[in-house]
Structures are given as C-alpha cells and as structure tokens.
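Worksheet: one structure, shown below.
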Amino acid sequence: MTALTLIRHGETDWNRDRLIQGSTDIPLNDTGRAQARATAAVLRERLDGAAPATIVSSDLARARETAEIIAAELAIAAPLSYRGLRERSYGEAEGVGIDEFRARWGDWHSAEVPGAEPWPALRERGIAALGRVVRDHLRATAPAAAGPTRPEAPRDAPAARGGAVGALIVVTHGALIREMIRHATADELPPVGERLANGSTHDFVYERDHLRLVTYAGLGA
C-alpha cells in the first residue's frame, strides 16, 4: 500500500485570466510560486521526517516548477518529471477563454472539441502514470519490497536509497486529478461545477493497481 498526495500546480497567467491551457506550456506567475511555498508549508506539517519523501511532477513547466519549489522548501531531492502526468490536451480550445469555450462547444464535461484528448483516454493515461510513479517510488525507498521479479525500472527512476517508504508527492494538473478522483469514487466526486484550486492537495492510497481516495480539496465554482 502506498499513500500519495496529488497536488495541482500553482497559478499561471492563463489560470488567472481563465484561459484553457491543456498541453500548452505556460510558466507559473508570482502568485503560483507563493502557492507552491504555501503548499510546502502544509506538507511540512504532515511529513514523517524519519522516512524519505519523493516528489515527482508532470514535465510541463508549471507543474515542474511547483514541484521544484516544494522540494527546495522541504529540503528533499529535486523532482523527477513524467510525461504521463501532463494535463489533458484540449486541442482547438487551448488559449480560449471559458466563456468562448461554452459558446463554441457547450458544457465543459460533454463538449466535443476537435483535437482534444478523450476523457476515457486521460483516465487511462493517468492511472498508468501513477502506477509507474508508485513502482519507481517503491524501488527507490523500499527496494527489498520490490522483489526479484519486478521489471527493471526506467532510466529516469531514482536510485534505491533503502529504509522506510516515505511520502510520495505528485504535482500534476487539474483535469488529470479530477479524473483520478472520479475513477476512485466511481464518478461520484467531484461535484459538477466544482473546480480544484491551484496548489490544492488530494490524498489517495494506491494498492495492487487500485486507487482509493482519502481526502480531496475543491473550490466552489
């Protein structure tokens, strides 16, 4: 069993202006950097200092920088990045404002946007990415538990450090986190219209390829 915390990246200028980012690589703004530091302070109160913490992120700049700030604040190793943790691609909607999106394509959750990643594909990708992250984390922090038959880890996996299995922190994106919450709750959460705040934390347990939600934090529409 692995406890992991999924964190939405800090704010960007496109978040502030309510523009759809998707796979467009937009950096954090100063508010987003402050949010990352605030999230690190929350995590510091929760972490077990006796066990090594691991932090990873999407390879998009806004998630990667959020993770780098958190790692620096917590004095832990710099994050690895995983392409599989990227935000959903929104195709032709990227760079479009929320009001324009609704006028052109309708409801956010049922809209058919040309070039957008289908929601089921996003869910499948997110589950696979978290599985890989968990396997790498177990190899790094509890190599004896991995067993002799576990497949060789990818080259970007961290080296084994031994000792207890510590916290696993995953910095990723709103749509991907939402799909993981929906997967873990049989599509009951989050409520329709609820946004996930920048810098918010969402706790899960991953065991035997199953994901269970422990806590999540949303933001009213």
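Pairs meeting the criteria (first residue in region 186-198 and over 16 Å from residue 107 (Cβ atoms), second residue of a type in the set (Val, Ile, Thr), beta carbons under 7 Å, at least 6 apart or on different chains) are 189/181; 196/177.
For residue 166, indicate whether it is modelled with pLDDT of 95 or more, crowded, with 21+ Cβ neighbours inside 10 Å and assigned to a loop (DSSP other than H, G, I, E, B).
On the way: modelled with pLDDT of 95 or more: no; crowded, with 21+ Cβ neighbours inside 10 Å: yes; assigned to a loop (DSSP other than H, G, I, E, B): yes.
Answer is no for this residue.
When we screen 42, 56 for residues that are β-branched (Val, Ile, Thr) and more than 15 Å from the chain's Cα centre (by Cα), the only hit is 42.
Okay, residues lined up against (1) under 27 Å from residue 125 (Cα atoms); (2) in contact (Cβ under 8 Å) with a residue 12 or more places away in the chain; (3) assigned to a helix (DSSP H, G or I):
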position	(1), (2), (3)
21	yes, yes, no
26	yes, yes, no
57	yes, yes, no
69	yes, yes, yes
88	yes, yes, no
102	yes, no, yes
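Checked against the criterion of being buried (at least 20 other Cβ atoms within 10 Å of the Cβ) and either assigned to a strand (DSSP E or B) or at pLDDT 90 or above (or both), the candidates 178, 132 yield just one match: 178. Contact map, region 109-123: residues that are in contact (Cβ under 8 Å) with a residue 40 or more places away in the chain paired with residues that are of a type in the set (A, V, I, L, M) and surrounded by fewer than 15 Cβ atoms within 10 Å (Cβ to Cβ), Cβ distance under 9 Å, separation 6+ or inter-chain. Pairs shown: 109/192.
Within region 32-55, the set of residues being surrounded by fewer than 20 Cβ atoms within 10 Å (Cβ to Cβ), in contact (Cβ under 8 Å) with a residue 60 or more places away in the chain and not hydrophobic (A, V, I, L, M, F, W, C) comprises 46, 48.
The values are calculated or read from the model by the stated rules, or taken from the named source; none is laboratory data. Remember, it's a predicted structure, so these values are computed and weren't measured experimentally. With ideal geometry, Cβ positions are generated from the backbone for all residues, glycine too; neighbour counts draw on all protein chains shown.
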